Amino acid sequence: MSIINFIEKFKKLNRTLYTTPSHGQGDFVAPLALKHIGHKFFTCDYSEIEGFDNLSNPIGIIKTAQDRAAEIYNAKATFFLTNGATSGIIASMYAILKRGDKVLIARNCHKSVYNGLVLTGAVPIWLMPQYNRDWGIFDSINLDYLEETLSRNKDIRAFIMTNPTYEGVMSDIYRISNVCKKYNVILIVDEAHGALWHFHKALGTPALYQGADIVIQSLHKTAGALNPSALLHINKHSPLGTKAIQQALNLITTTSPSYPMLVNIEAVINFLDSEKGKFYLYDIVKNVNRLVRTLKQIPNLEVYSYNNDVTKILVKVTNMSGFELSDILFEKYNIEDELANEKSVLFLTGVGTTKAKLKKLEKALIDLCANNIKITEETPQKHFEPVEPRVRYIPNLVWGREYKEIELKYALSRVSMELIADYPPGIPVLLPGEVIKKEHIEYLSGRQKIKVLV
């Protein structure tokens with residue numbers, strides 16, 4: 001029985017509960033919560049009472065729902081995550097890596113990999129994807145560079161990468177997977193922004209179908225689930241077992257799972273897998289593609305459209321920085337983008353992107369480019385072009401050590417004790433244990449001090 005059907009039947013039992021959660025399935029809801037969230041949300045919020053299931057050892061309705069999801073995604077196993085893709089990344093690392101293991105990590109990965117490095121004691125080897133200066137983004141993974149790195153480090157245990165990137169850039173996972181298999185390396189793909197790919201082939205090919213061992217997806221980013229709903233999949237053909245992943249998830253996941261989130265995860269997957277859901281998604285993609293075609297006709301405006309997921313609309317305007325474009329859209333047109341850099345601006349779309357929203361963006365960009373609108377930027381924003389990190393101490397060894405704050409101008413060649421990352425997208429600029437370079441100091445010049453290792 002599904003989680004949703006079980007809760008509907010359970011409500012009819014009218015059982016009197018002296019259990020958590022203390023709101024009593026909506027007998028009490030704080031007035032402002034009632035106003036903004038509503039009563040029904042609370043009526044499906046239960047603990048692990050008789051008949052329900054436990055996320056840390058699913059044997060009932062959660063197991064049934066996860067098994068059903070694994071069938072839909074053609075996975076060996078699928079795990080529901082109520083603490084975001086971050087928990088999936090960390091659990092994957094903890095299940096696979098032990099202290100001293102080498103792990104290859106693409107530098108454009110989310111900062112959550114740092115937490116995994118602290119917990120596992122693994123040794124990071126950073127792979128720097130090529131940087132696209134014209135757009136201010138990372139390009140796809142270079143296969144020759146990957147193979148060269150693996151051939152020089154035969155003891156690498158796993159490779160962690162992001163696909164698609166935050167801006168929608170896609171790498172050739174099939175060929176990357178083959179290279180990893182050649183060197184007996186486990187491939188973990190952060191597919192947070194590719195949660196719709198399984199349900200619409202025109203967007204991209206899921207990493208699970210291209211040989212990745214573990215794939216993590218964020219259902220809240222594009223697929224319409226509550227924040228921070230996510231999934232972790234194990235490939236059917238991977239030698240990895242399910243037990244180690246479950247144990248690792250249990251270490252970092254609360255023992256009080258959110259049933260409203262679990263209901264929502266199940267409902268979103270079931271909808272997207274239905275005929276109605278497929279038609280709905282087809283319509284969304286058609287509307288986004290129509291907008292992109294229109295934007296490509298606007299003078300002085302360019303749309304990034306090379307090997308990318310079309311739901312990520314990346315644009316730039318001639319003679320205008322991405323920061324300026326972002327500010328104009330916000331202040332003049334009341335439009336907020338997902339991310340801006342020195343060159344471009346990113347607009348994320350998904351199942352909740354309506355025709356009206358797309359039309360508003362279209363009109364704003366047409367008007368902006370036609371009238372050459374400018375605003376005065378009081379403090380020009382800086383852009384960091386990634387530099388090869390120099391690791392003095394691995395994260396596990398530097399964690400919890402003494403530090404002091406010094407003036408930034410004196411920090412050159414010192415060891416950072418701060419995790420510095422632009423957010424979004426959460427890609428590290430500098431991690432604890434890494435040597436501070438002149439490029440870091442130039443980028444961070446707006447701050448007075450920085451924490452360094454004593």
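We did not get these values from a lab; they are worked out from the coordinates using the rules stated. As the structure is a prediction and not an experimental result, all values here were calculated from the model. Using ideal geometry, Cβ is built from the backbone for each residue, glycine included, and neighbour counts are taken over all protein chains shown.
List of remarks:
- Ranked list, fewest to most other Cβ atoms within 10 Å of each Cβ, for L314, L226: L226, L314
- Sorted by Cβ density within 10 Å, fewest first, the residues M128, M170, M1: M1, M128, M170
- Filter on K221/K451; K111/K236; K312/K332 - keep pairs with C-alpha separation over 31 Å: K221/K451
- Two-decimal log10 I(q)/I(0) for segment 218-329, as the Debye equation yields it once each C-alpha is a single scatterer, q = 0.21 Å⁻¹: -1.18
- Phi to ³J(HN,Hα) by Karplus 6.51 cos²θ - 1.76 cosθ + 1.60 over segment 254-266, Hz, x for Gly, Pro: 4, 7, 10, x, 8, 5, x, 5, 5, 4, 5, 4, 4
- CD proxy at 222 nm, helix term only [per DSSP H run n ≥ 4: -39500 (n - 2.57); per residue of the chain; nearest 500]: -11000 deg cm²/dmol
- Taking only the C-alpha atoms of segment 347-454, Rg followed by Dmax gives 19.9, 56 Å.
- Inverse of mean 1/r across different Cα pairs in segment 53-273, Kirkwood, Å: 17.4 Å
- Measuring r between the beta carbons of K359 and E275 and using R0 = 22 Å, the FRET efficiency lands at 0.20.
- Qualifying trypsin sites (Lys or Arg not before Pro) in segment 221-268, where qualification requires a DSSP coil assignment and no more than 14 other C-beta atoms within 10 Å, comprise K236.
- Part-to-part distance (alpha-carbon centres) for segment 391-424 and segment 279-333, which is given in Å: 37 Å
- Filtered trypsin sites (Lys or Arg not before Pro), segment 41-127: DSSP coil and at most 14 other beta carbons within 10 Å: K98, R99
- Amide hydrogen proximity for K102: with H placed 1.01 Å from N in the peptide plane, the residues at 5 or more positions away or on another chain lying under 5 Å are V123, R157.
- With neighbours defined as other Cβ atoms within 10 Å of a residue's Cβ, the residues F330, F271, F80, F279 order from fewest to most as F279, F330, F271, F80.
- Globularity index of the chain, i.e. its alpha-carbon radius of gyration over 2.2 N^0.38 Å: 1.03
- Alpha-carbon gyration tensor eigenvalues x 5, square-rooted, for segment 275-371, Å: 23, 13, 12
- Filtered GluC sites (Glu not before Pro), segment 1-90: DSSP coil and at most 13 other beta carbons within 10 Å: E50
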